[in-house]
1. Can you find a residue that is assigned to a helix (DSSP H, G or I), in contact (Cβ under 8 Å) with a residue 40 or more places away in the chain, out of contact with any Cys (no Cβ under 6 Å at 6 or more places or on another chain) and among the hydroxyl-bearing types (Ser, Thr, Tyr) anywhere in segment 426-444?
2. What tally of residues in segment 189-215 results from selecting those that are loosely packed, with under 12 Cβ neighbours inside 10 Å and within 40 Å of the chain's Cα centre (by Cα)?
3. Return the only residue of SER497, SER521 being at pLDDT 70 or above and either surrounded by fewer than 16 Cβ atoms within 10 Å (Cβ to Cβ) or among the hydroxyl-bearing types (Ser, Thr, Tyr) (or both).
4. Scan segment 243-250 and tell me whether some residue there is surrounded by fewer than 16 Cβ atoms within 10 Å (Cβ to Cβ) and not polar (S, T, N, Q).
5. How many residues are assigned to a loop (DSSP other than H, G, I, E, B) and either modelled with pLDDT of 90 or more or farther than 30 Å from SER227 by Cβ (or both) if we restrict to segment 185-210?
6. What strands (runs of 3 or more DSSP E) completely inside segment 324-364 contain at least 1 residues that are under 26 Å from the mean Cα position of the chain (by Cα) and surrounded by 15 or more Cβ atoms within 10 Å (Cβ to Cβ)?
7. Check segment 114-123 and report whether any residue there is among the aromatic types (Phe, Trp, Tyr) and either modelled with pLDDT under 70 or more than 19 Å from the chain's Cα centre (by Cα) (or both).
8. Pairs please, first residue from segment 270-293 and under 20 Å from SER237 (Cβ atoms), second anywhere and surrounded by fewer than 20 Cβ atoms within 10 Å (Cβ to Cβ) and basic (Lys, Arg), Cβ atoms under 9 Å, 6+ apart in sequence or on different chains.
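The values are calculated or read from the model by the stated rules, or taken from the named source; none is laboratory data. Here the structure is a predicted model, which means the values were calculated and not measured. For neighbour counting, all protein chains shown are included, and Cβ atoms are generated from backbone atoms with ideal geometry for every residue, glycine included.
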Amino acid sequence: MRISTPQMFSSSTQGYSDGYSNMTKTLEQISSGVRIQTPADDPVGSARLLQLDQQKTLLTQYSGNMTTANNALTNEESVLTTITNVLQNARALAVQAGNGSYTDANRSAISDQLGDIQDQLFSLMNSKDANGNYLFAGSNGTVQPFVKNPDGSYSYKGDQSSLSVQVSDTLNLAISDNGWSTFQSAQNADLTTSSLTTNPNADGTQRVFLSQGTVTDDNSFNSSFRSGAPYKLQVLSSTQFKIFDANNTDVTSEVSGNGSYQTTTGDAVTVNFRGAQLALDVSLKSTDDSTATSSLVAGYSFSFGVKPETFDITRTASNTSTAQLSGGSVTNATTYSTTFPNNGVLLKFSSATDYSVYALPTTTSSTPLSTGTLGGTYPASITINGAQFSINSAAASGDQFTVAGSSNQTQNILDTIKNLRTALDTPTTNDPQAELNIRNAVASAITNLDNGMNQVYKVTSSLGARQQTIDTLTTESQSLSLSNATTQSSIRDTDMSEATSKLTLQQTMLQAAQAAFAKVSQLSLFDKI
């Protein structure tokens, strides 16, 4: 084969250039420590590095989310710990208030202390995080979760969801707890009510009293007590009473002691019945003949059962009139249970007398559930889906009120303290019924405070479990990050010993090529002449 001189020079130049380029690349790999400079250097390794980079980015994001979650949970735990301590103080005061030797003044002083605790709890339950968002409002941190109503009760205005962040490929971790599940959903022991239906004394003097009662066994109360209410307790003598259910069936056999009791003035008899506990108290007058006790107490009868539904009523702050909506009682149980919206209703006035009722939440396209017109005489009654309310004066166009059914099944801890304070502030001097009410209120408050604390303990325990999850995931994330870095290094980084040997070989080959070219380039036909 004949090789021309230009071809020889071109081939030698290309070979020299390729050798120099290879040696330069090896030098770059050694100086930078990175083996894969471009995807062409290792297509499979480059693809794997992209996957590892994506994993590294996710691990970094998850690590940041876990830090955020841990900070949020630690903040909430601190608030809940403080609330628990405050509730324990409230319980101690409630136990103290049950002292039978205390006077009205003593109980009033305890009520004042409970008032301070009530204000402190209200502030804690409306705590904010570092970003200014309410801790216990649910998913909308800008809404104040607990508000005080005009009647002194408290309502929860947040939702029943919680905020969460993704801390792994498969786990979204809740970083908050809503106020409903934390403070509002504790079982309520104050679910029963009683009233005197028959007093055999013509002069109205009352010698036998029955307390409102408390729930001691939720399961038995819900499965047995509710279905048979209302009940009638009939006092037969100084040693025996009977209880009849709503169908007038004698159910005395289900009562502790089978309806037998010992009459002792000033010392109430405990009546345990279908998960509820009531107190029957006989209080004779100083002028009564103690030998005629049976004739003095026989003939009394009481009605007792489940407390009726109550309502949370909120007056919109922008209302221009002074009208107040109050009351609230179920007048048609069937209509109420089947048509009253679970989230409550909005009552909106279009004039002083015309109003419309909307289901909550409302939108711009909401249509009214019903409409009505008041007669102009006040106070006036307004019936909404089987429930009746009272408005004290004329409303103005644009005035709004929200009405929500408030089931007695649960009770928030603020209302528990409020109710106890109301009872403690009621005078009891020479009033056996008031004294019995105090004992009943204290028993209910202690049980409800225990239930409230148990609910807080449950949430605190959940916080601890989530913090443990974060600790576990943090350790796992650190291991994955280390493994990721090691794998990336094995694929991407330069093997110095291999690269150095390769560079030496390339340098030797380049030097040999240069020397060979110098020899060949000097050959000519003139050398043969």
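1. yes
2. 1
3. SER497
4. Yes, segment 243-250 contains a residue that is surrounded by fewer than 16 Cβ atoms within 10 Å (Cβ to Cβ) and not polar (S, T, N, Q).
5. 9
6. Where strands (runs of 3 or more DSSP E) fall fully within segment 324-364 and carry at least 1 residues being under 26 Å from the mean Cα position of the chain (by Cα) and surrounded by 15 or more Cβ atoms within 10 Å (Cβ to Cβ), they are 345-349, 354-359.
7. No, every residue in segment 114-123 fails to be among the aromatic types (Phe, Trp, Tyr) and either modelled with pLDDT under 70 or more than 19 Å from the chain's Cα centre (by Cα) (or both).
8. Pairs found: ALA279/ARG439; ASP281/ARG439.
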